[in-house]
C-alpha cells in the first residue's frame, strides 16, 4: 500500500469511485454528462490522472450540494481536468465567486483527507 503522501500517476475507475465515494456506473455517467472528463484508456482499462481525480472531486462536491448537471457544466465550462474552473467566469455574479471559494475550500479538505488515506 502507498504511503499517505504518495500520489499515483494513474488511478483505475474503481479506485476513483472509491476515493470519490461514488459508484463506478456514476463515474461512467459523468463521462457522458461532462465531456471535459476523458480518461486515458490503456489495455481496455480507463485510467484517471490525479488532475482527473481532482476534477471529479469538484463535481462530487457540487453534486452533493444539489447542483444540477446543467449548473455544473456551466461552472466547469472551459475547465478541463487540471485547470481552474474559475478561468472563464469572472463576469458572473458575486454569488458564484463565493460558491467557487467554498468549493475550493472543500476540495482542499478532500485533498487533505486523501493524503491521510
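The values are calculated or read from the model by the stated rules, or taken from the named source; none is laboratory data. Note that the coordinates shown come from a computational prediction; the quantities given were computed from them, not determined experimentally. Don't worry about glycine lacking a Cβ; one is built from the backbone with ideal geometry, like all the others, and counts go over all protein chains shown.
Among the residues of the range 82-96, is any farther than 18 Å from residue 115 by Cβ, at pLDDT 70 or above and in a helix (DSSP H, G or I)?
Of the residues in the range 82-96, the ones farther than 18 Å from residue 115 by Cβ are 82-96.
Now narrow it down to the ones that are at pLDDT 70 or above: none.
No, because not a single residue in the range 82-96 is farther than 18 Å from residue 115 by Cβ, at pLDDT 70 or above and in a helix (DSSP H, G or I).
With the requirement that a residue be loosely packed, with under 14 Cβ neighbours inside 10 Å and at pLDDT below 90, what does the range 6-37 give you?
Listed by number, the residues that qualify are 6, 7, 8, 35.
Just give me the residues in the range 11-54 being more than 11 Å from the chain's Cα centre (by Cα), within 15 Å of residue 111 (Cα to Cα) and in a loop (DSSP other than H, G, I, E, B), in sequence order.
21
What do you reckon, is residue 66 at pLDDT below 90, under 21 Å from residue 106 (Cβ atoms) and loosely packed, with under 13 Cβ neighbours inside 10 Å?
When the stated conditions are applied, residue 66 does not pass them.
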